[in-house]
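Trainee: Structure below; questions to follow.
The values are calculated or read from the model by the stated rules, or taken from the named source; none is laboratory data. Not measured: the values here are computed from a predicted model. As a convention, Cβ positions derive from the backbone with ideal geometry for all residues, glycine included, and neighbour counts pool all protein chains shown.
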Amino acid sequence: MADQYARTGEDKRPHEIPAIRWEEPPEGPVLVLLDQTRLPAEEVELVCTDAPALVEAIRSLAVRGAPLLGIAGAYGVALAAARGYDVDDAANALAEARPTAVNLAVGVRRAQAAHRAALAKGGGAGQAAAAALAAARALHREDAEASARMAEHGLALLDELLPGGGHRILTHCNTGSLVSGGEGTAFAVALAAHRAGRLRRLWVDETRPLFQGARLTAYEAARNDMAHTLLTDNAAGSLFAAGEVDAVLIGADRIAADGSVANKVGSYPLAVLARYHHVPFIVVAPVTTVDPQTPDGASIEVEQRPAYEVTEVSVPQVPVTGAGGGVPVAPLGTQAYNPAFDVTPPELVTAIVTEEGVVSPVTAEGLAELCARSRRVTIG
């Protein structure tokens, strides 16, 4: 079950509006999400009391972004355990809620493994639930720490590739604090450049069909006083042609073993434009986004979203008349092609920035070494 309530206050900064948090009111534990479908018009929180409510929140994009989905999935397992529901059923439903974002299943299985381990050691239901919650909280903390390290590595790479500062960065979709336990992935790098006085302009793709750039990235950029300009996705080519882009920074929902990158649809065309115009195309993502079990880009399952997201436009606080809850912009019955993601081949990626360092050039061998190094650090 999920309930919503509005936040109060007009001048909170992003770090004061957590995208996700665990609470334990007298009536029982809940998972509280900032409902991203209501931004920027309203700051409304969605309160989930069970895993099915969280699954619906994930599918509706109330909570989204690869790192945050992993955190949400782990907390969802902990919520099921604490509320006395079947943990394995909840874990399976959560892991399958969105197929492309590998972090979701990683977070779910980590909390599920902690729950099972506690039971195997003879712990009761309460101890097992506490173990799942501890795993979720550890993942949340680790993601915040990873975000800070990605920002550091990413800024160093930008300064190496673009000496002199004054970076003009183009980004796609939303990769800030709304998708992370910290300040994000690609957006965190741009924010680090801004704080260092080296960001000249953040170009923000609107990101059709759901406008995550216009609604969410512009929202975060404005709250951080970053110089930013919004553009329609199909205006990016003219921006490159005018020489106004120094680098492209995007996140990732899954990185295959060969370095192919699945990210919000529209990322691949940017990579092609960047290659033609000799502009660095940089992917920023935690190591957990690299999936060694997915050998190449063709093996990545790309989520197909409902047609109404394309045939209708949803605008917060505007009356709706369409079947999907939006304003129709196409004739009734129009079919739509609506993949949530596209896949960029590794040869078009200048570098992949992670919390453990940078892979450039992007190769299967380089990624494998990075993942091995990450495991050694974790075990150590």
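Trainee: Could you run through segment 326-380 and say how many residues are of a type in the set (Ser, Thr, Tyr) and at pLDDT below 95?
Mentor: Of all residues in segment 326-380, those of a type in the set (Ser, Thr, Tyr) come to 334, 337, 344, 350, 354, 360, 363, 374, 378.
Next, from what is left, pick out any that are at pLDDT below 95: 374, 378.
Matching residues across segment 326-380 total 2.
Trainee: Wholly within segment 161-247, which helices (runs of 4 or more DSSP H) include no fewer than the required count, namely at least 3 residues that are within 21 Å of the chain's Cα centre (by Cα)? If you could, list the steps in order and put the result at the bottom.
Mentor: On the way: elements: 186-195, 218-223, 236-241.
Counting at least 3 such residues, we get 186-195, 218-223.
Trainee: Tell me, which residue of segment 272-312 that is hydrophobic (A, V, I, L, M, F, W, C) and surrounded by fewer than 19 Cβ atoms within 10 Å (Cβ to Cβ) is nearest to THR334 (Cα to Cα)?
Mentor: Here the answer is ALA307.
Trainee: Quick check, is GLU96 of a type in the set (Asp, Glu) and in contact (Cβ under 8 Å) with a residue 40 or more places away in the chain? Let's see the steps before the verdict.
Mentor: On the way: of a type in the set (Asp, Glu): yes; in contact (Cβ under 8 Å) with a residue 40 or more places away in the chain: no.
For GLU96, the condition - of a type in the set (Asp, Glu) and in contact (Cβ under 8 Å) with a residue 40 or more places away in the chain - is not met.
Trainee: Scan segment 337-352 for residues that are touching a strand residue (DSSP E or B) at 6+ places or on another chain (Cβ under 8 Å) and not small (Gly, Ala, Ser) and jot them down. So that I can check it myself, show each step before the final result.
Mentor: Just the residues of segment 337-352 that are touching a strand residue (DSSP E or B) at 6+ places or on another chain (Cβ under 8 Å), to begin with: 338-344, 346, 348-352.
ASN338, PRO339, PHE341, ASP342, VAL343, THR344, PRO346, LEU348, VAL349, THR350, ILE352, listed by residue number.
Trainee: Something else about it: Sort out which residues of segment 294-325 are assigned to a loop (DSSP other than H, G, I, E, B), modelled with pLDDT of 95 or more and of a type in the set (S, T, N, Q), and write them in order of number.
Mentor: The answer is THR294, and nothing else.
Trainee: For ALA151, indicate whether it is under 27 Å from ARG215 (Cα atoms), of a type outside the set (Asp, Glu) and free of Cβ contacts under 8 Å to residues at least 60 places away in the same chain. So that I can check it myself, show each step before the final result.
Mentor: On the way: under 27 Å from ARG215 (Cα atoms): yes; of a type outside the set (Asp, Glu): yes; free of Cβ contacts under 8 Å to residues at least 60 places away in the same chain: yes.
Judged against the criteria, ALA151 is a match.
Trainee: Inspect segment 40-51 for any residue being assigned to a loop (DSSP other than H, G, I, E, B), modelled with pLDDT of 95 or more and surrounded by 13 or more Cβ atoms within 10 Å (Cβ to Cβ) and give the result as yes or no. Can you show your working first?
Mentor: So the first thing to find is which residues in segment 40-51 are assigned to a loop (DSSP other than H, G, I, E, B), and the list is 40-43, 49-50.
With modelled with pLDDT of 95 or more added as a condition, the list becomes 49-50.
After this cut, where a residue has to be surrounded by 13 or more Cβ atoms within 10 Å (Cβ to Cβ) as well, the list is 49-50.
Within segment 40-51 (the criterion being assigned to a loop (DSSP other than H, G, I, E, B), modelled with pLDDT of 95 or more and surrounded by 13 or more Cβ atoms within 10 Å (Cβ to Cβ)), the answer is yes, since at least one residue qualifies.
Trainee: Condition check: touching a strand residue (DSSP E or B) at 6+ places or on another chain (Cβ under 8 Å) and either surrounded by fewer than 24 Cβ atoms within 10 Å (Cβ to Cβ) or at pLDDT 95 or above (or both). Does ALA214 satisfy that?
Mentor: On the way: touching a strand residue (DSSP E or B) at 6+ places or on another chain (Cβ under 8 Å): yes; either surrounded by fewer than 24 Cβ atoms within 10 Å (Cβ to Cβ) or at pLDDT 95 or above (or both): yes.
So ALA214 fits the description; yes.
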